1. For the range 76-112, give me the residue count where each residue is charged (D, E, K, R), in contact with a helix residue (DSSP H, G or I) (Cβ under 9 Å, 6 or more places away or on another chain) and assigned to a helix (DSSP H, G or I).
2. Quickly run through the range 63-82 and pick out the residues that are polar (S, T, N, Q) and either on the phi > 0 side of the Ramachandran plot or surrounded by 14 or more Cβ atoms within 10 Å (Cβ to Cβ) (or both).
3. Determine whether residue 53 is modelled with pLDDT of 90 or more and surrounded by fewer than 10 Cβ atoms within 10 Å (Cβ to Cβ).
Amino acid sequence: MGGFFGRYYGIRCWNNGIAGAIVGLLIGCFAFLVGKTIMNLLLKTVIPLTAKRAAQWTAREQLKGDLNQANYYKRKEDFQKALKTVNRIMDMDPNYPEALYLKAQMLWEGFQNRGGGQSYQNRLPCVTFRLGNRTNMILTTEYC
């Protein structure tokens, strides 16, 4: 590249291409350093943003996929698979409100077990709001 650069501009000392080769070598080194700097910058900023998210998920965020699967089985009226999935969720997190609600629904609708559905519904937290000062609303959770 440097030799062609020297011949193209036709400068007298570059006619033999040696000076052009030196200039081409310097341009190549500069481009390499710029590329390496950009790559290091990307590795320090972009990659950690995407690579660390999975390790920061809460247990409930991880169980959300299983809960969606149980909802799918319930909509398909496959209550046995749905109940098995919800029981697996509740083994990991027994006070997960969405799982409690879904299990109460399934026992009530799918198995006509009104007492079992009511017992899980009673374990659901009641959410009440009360006003603090004029701008804050305080959320309290109690079990009914």
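The values are calculated or read from the model by the stated rules, or taken from the named source; none is laboratory data. For clarity, every value in this text was computed on a predicted model and none was experimentally measured. When we count neighbours, we look across all protein chains shown, and the Cβ atoms used for this are built from the backbone with ideal geometry, even at glycine.
1. 6
2. Once the filter is applied, which keeps residues that are polar (S, T, N, Q) and either on the phi > 0 side of the Ramachandran plot or surrounded by 14 or more Cβ atoms within 10 Å (Cβ to Cβ) (or both), the range 63-82 yields 69, 71.
3. Taking the combined requirement at face value, the residue does not satisfy it.
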